[in-house]
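Structure first, then comments.
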Amino acid sequence: MDSSPAVVAITAAARAAGPRCGDTTVIAVDGPAGSGKTTLAARLAPPLQAQVVHMDDLYEGWHGLAASGDLLREDILLPLRQGRPGRYQRYDWYQERRAETHQVHPGGVVVVEGVGSVREHTREFYAAIVWVQAPDRLRLQRSIDRDGPEAEPQLRRWMSQEREVFETTSTAALADVHVDAWGGIDD
C-alpha cells in the first residue's frame, strides 16, 4: 500500500466523510493541466481498489472543458447515486470523435481526476476533494512533453479556459487536501 502522506491524507478524508454518491465513495482530484493529477490518481487507485475516471475522456477536445461537468454529473455521478452503473463514451483526441463506451460500477471507491472535475453541481457527490497545484512554467513544460510542441497553442488556450472554471468554482478553497506538483502535501 502507498503510505505517502498525500495518499494517507486523502484516504483518511474520504473515509471520514463516507459515501456521498449512493453507496459509492467518490474522490475528486482537480487542478490545472500538468500539475500531477493523473499520477496522483494512479497512486490512489490500487490501495483503495478504486475505479478511475479521467476527465480527459469526457472533454470534447480542446473546447470541451465547459460541457464536461454536465457529462460527468448526468452520465456518471447521478446514476451511481441511484445505485446504477454510470456510462460514458470516451473521447478519442486523435480521431476527434467519441469512441467506445465505459461503465463505472456503483459501490466501492471512484476517483475522478481532471481539470474541472469539481463544479457547483458536482461537488455534493464527493467524499473528498483534492487540489493539485504546480507552477505554470512547470505545468506547461509537462504538458508539452506529454502532448508535443505542436500542442502549445491549444495548451495555452486551455490554461485560459481552466482559469475561468477555477475562478467560478473556487476549487482550491473547497479542497480537503492540497497536493504539490511532486505528490507531496502542500500546506
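Every read-out reported here was derived from the displayed coordinates using simple, explicitly stated rules and does not represent laboratory data. Treat the numbers as computed from the prediction; the structure is a model and nothing was measured. Reconstructed Cβ throughout: ideal geometry from the backbone, glycine too, with neighbour counts over all protein chains shown.
Using the beta-carbon distance between ILE144 and GLN82 and R0 = 30 Å, what value does 1/(1 + (r/R0)^6) give for FRET efficiency, to the nearest 0.05?
Efficiency, from the Cβ-Cβ distance: 0.15.
Long-range amide H contacts for VAL111: which residues qualify at under 5 Å (H placed 1.01 Å from N, peptide plane, sequence gap of 5 or more or a different chain)?
Excluding prolines and chain starts, which carry no amide H, the hits are ILE27, GLN51, VAL52, VAL53.
In a solvent-free Debye calculation with one equal scatterer on each Cα, what is log10 I(q)/I(0) for the chain at q = 0.11, 0.15 Å⁻¹, listed in the order of the q values?
-0.44, -0.84
Taking the Cβ of GLY18 as the centre, find all other residues whose Cβ is under 15 Å away and add up their charges (Lys, Arg: +1; Asp, Glu: -1). Display every interim value, and only then the final one.
Details: positive: ARG15, ARG20, ARG81; negative: ASP23, GLU124, ASP176.
Net charge around GLY18: 0.
In the chain, if the dipole is taken from +1 on Lys/Arg beta carbons and -1 on Asp/Glu beta carbons about the Cα centre, which of SER68, THR101, MET55 is farthest to the positive end?
Checked the options; the winner is THR101.
Quick one: 3J(HN,Hα) in Hz for the stretch 88-95, Karplus 6.51/-1.76/1.60 with θ = phi - 60°, rounded, Gly and Pro as x.
8, 9, 5, 7, 8, 5, 7, 7
In the stretch 96-187, what GluC sites (Glu not before Pro) fall in a loop by DSSP, with at most 13 other Cβ atoms inside 10 Å?
Details: sites: GLU96, GLU100, GLU113, GLU120, GLU124, GLU150, GLU162, GLU164, GLU167; in loops: GLU96, GLU120.
Of the GluC sites (Glu not before Pro), the ones in loops of the stretch 96-187 whose Cβ has at most 13 other Cβ atoms within 10 Å are GLU96, GLU120.
Can you tell me the relative contact order of the stretch 1-50? Whole percent, Cα pairs under 8 Å, sequence separation 6 or more.
Answer for the stretch 1-50 is 42 percent.
What is the stretch 87-187 by shape, rounded, prolate or oblate, if you read a ≥ b ≥ c off the alpha carbon gyration tensor as root eigenvalues and call it rounded for a/c under 1.5, prolate for a/b larger than b/c, and oblate otherwise?
oblate
Once phi is turned into ³J(HN,Hα) by the Karplus curve 6.51 cos²θ - 1.76 cosθ + 1.60 with θ = phi - 60°, what whole-Hz value does each residue of the stretch 19-36 show in order, with x for glycine and proline?
Couplings: x, 10, 10, x, 8, 9, 8, 10, 10, 9, 10, 10, x, x, 4, x, 7, x Hz.
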